Amino acid sequence: MVKIKANPLNIDFKRCTVENKLQQIRNSKVATVPEIINVWTIDIEPKESKAVLDFIRLETQKTDPLSLIHIKRIRKSMDTNKRITLHVALCSTQLFHNKEDILSKLEKYSTKFQYTNLCCTNKIPMEAAPTKELMEKWSEEYWPLVWRGNPNNQILNDYTFDFPFIEEIIKKISKLSVEEQEKGNKMPVVSAFVDPLDATNVIYATDSRHMAGALPLDHSILNGINTVAEKLTLRKSENPSVEDDGYLCLNFDVYTTHEPCSMCAMALIHSRIKRCIFVKEMKNTGALRPDSGDGYCMHSNRLLNSKYEVFQWIGEDYGTSVVNDLECC
Ligand SMILES: [Zn+2]
């Protein structure tokens, strides 16, 4: 993680652009009500805090599926006799599902805790609040939170961008889409699938819905996902020990000439890509920009269990073909 000031890239955190070539596409509807998760908490005396903090550091911080860096771990209270109690958030309930599991680990650190008050009924917001005002509100309603500045700044800063590579792919899909149009393809949409573990073998896919024998659902993104699936099946038949994590495009970058429709945007959720970069927005049928189509922002819709980052290419125009703006891409 690079400090924001030390990042060599030119990131405009206000406009959410990188190098003036990529525009981050975000869901403009700010979540004023957080998604909530339960955490394991324990109430202890101050003298027991070292053992509990050791437990958190050694048993939970690296393995908890949910990062809890946006909450304060310890909440203090004082009773009428001025006796101080520390209420400590240990980890999420996604790390330990039942009391026996967490107890067996906790007991290694101290036998003096009052394990009777170990519980998982306290709720916290799952992610950092987007504004300071909401952070204060949620801290009162749920659990004390920490304010580290706009969380999106950190997201933008943590991304690594290989601009020569990105530009080369944008140029290539733009060129291919013009070639498709010249060949008579009524939907000259082209996508590229880049596996981070095999970035030299880029998979290119075109829209084939108007070809003889094709289906109306043969959009370039669905065709690309199918090609990834076929390649995996082939690899597995040649070598049965090939690992299959159950997701077809885990952490892939997907490039596409036109903003995907809701079906394709959803298929990218299911295949667990990391990032989608598109060139031309589709005002009527797109499902990513907040002002496209019905404003689904499918990639960061809180009703869905997974998300991916989206950027629009705003760098040099390589002449992407034009498609009917009422068609889904
Ligand atoms: Zn589509």
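With respect to residue 87, is the statement that it is surrounded by fewer than 16 Cβ atoms within 10 Å (Cβ to Cβ) and either at pLDDT below 95 or within 22 Å of residue 147 (Cβ to Cβ) (or both) true? So residue 87 does not fit the description; no. Considering 239, 226, 185, the condition of being of a type in the set (S, T, N, Q), without any contact (Cβ under 8 Å) to a residue 60 or more places away in the chain and under 17 Å from residue 273 (Cβ atoms) is satisfied by 226 alone.
Taken over the stretch 69-107, the criterion of being of a type in the set (Gly, Ala, Ser) and over 28 Å from the mean Cα position of the chain (by Cα) is satisfied by 77, 104. Candidates are the residues of the stretch 114-151 that are of a type in the set (S, T, N, Q) and touching a strand residue (DSSP E or B) at 6+ places or on another chain (Cβ under 8 Å); the one that is surrounded by the most Cβ atoms within 10 Å (Cβ to Cβ) is 139. A single entry from 179, 167 fulfils the requirement of being more than 27 Å from residue 11 (Cβ to Cβ) and either part of a helix (DSSP H, G or I) or modelled with pLDDT under 95 (or both): 179.
Of 42, 25, all but one fail to be hydrophobic (A, V, I, L, M, F, W, C), open to solvent by less than 20 Å² (accessible area, probe 1.4 Å) and over 30 Å from residue 303 (Cα atoms); the exception is 42.
Residues that are open to solvent by 60 Å² or more (accessible area, probe 1.4 Å), among the aliphatic types (A, V, I, L, M) and more than 22 Å from the chain's Cα centre (by Cα) within the stretch 232-284 comprise just one, 234. The set of residues in the stretch 285-307 that are buried (at least 17 other Cβ atoms within 10 Å of the Cβ) and either among the hydroxyl-bearing types (Ser, Thr, Tyr) or touching a Pro at 6+ places or on another chain (Cβ under 9 Å) (or both) comprises 285, 286, 287, 288, 292, 296, 297, 298, 300. Residues in the stretch 58-84 that are open to solvent by 70 Å² or more (accessible area, probe 1.4 Å), within 22 Å of residue 46 (Cβ to Cβ) and touching a residue at least 40 places away in the same chain (Cβ under 8 Å): 72, 75. When restricted to residues that are within 16 Å of the ligand (Cβ to nearest atom) and more than 12 Å from residue 222 (Cβ to Cβ), the stretch 250-270 contains 6.
For residue 219, the conditions (1) in contact (Cβ under 8 Å) with a residue 40 or more places away in the chain; (2) more than 16 Å from the ligand (Cβ to nearest atom) are fulfilled apart from (2).
The values are calculated or read from the model by the stated rules, or taken from the named source; none is laboratory data. Keep in mind that what you see is a predicted model, and the values were worked out from it rather than measured. Cβ coordinates were reconstructed from backbone atoms using ideal geometry, including for glycine residues, and neighbour counts include every protein chain displayed. Surface accessibility is based on the protein's heavy atoms, side chains included, excluding ligands, DNA and RNA. Shrake-Rupley method; radii C 1.70, N 1.55, O 1.52, S 1.80 Å.
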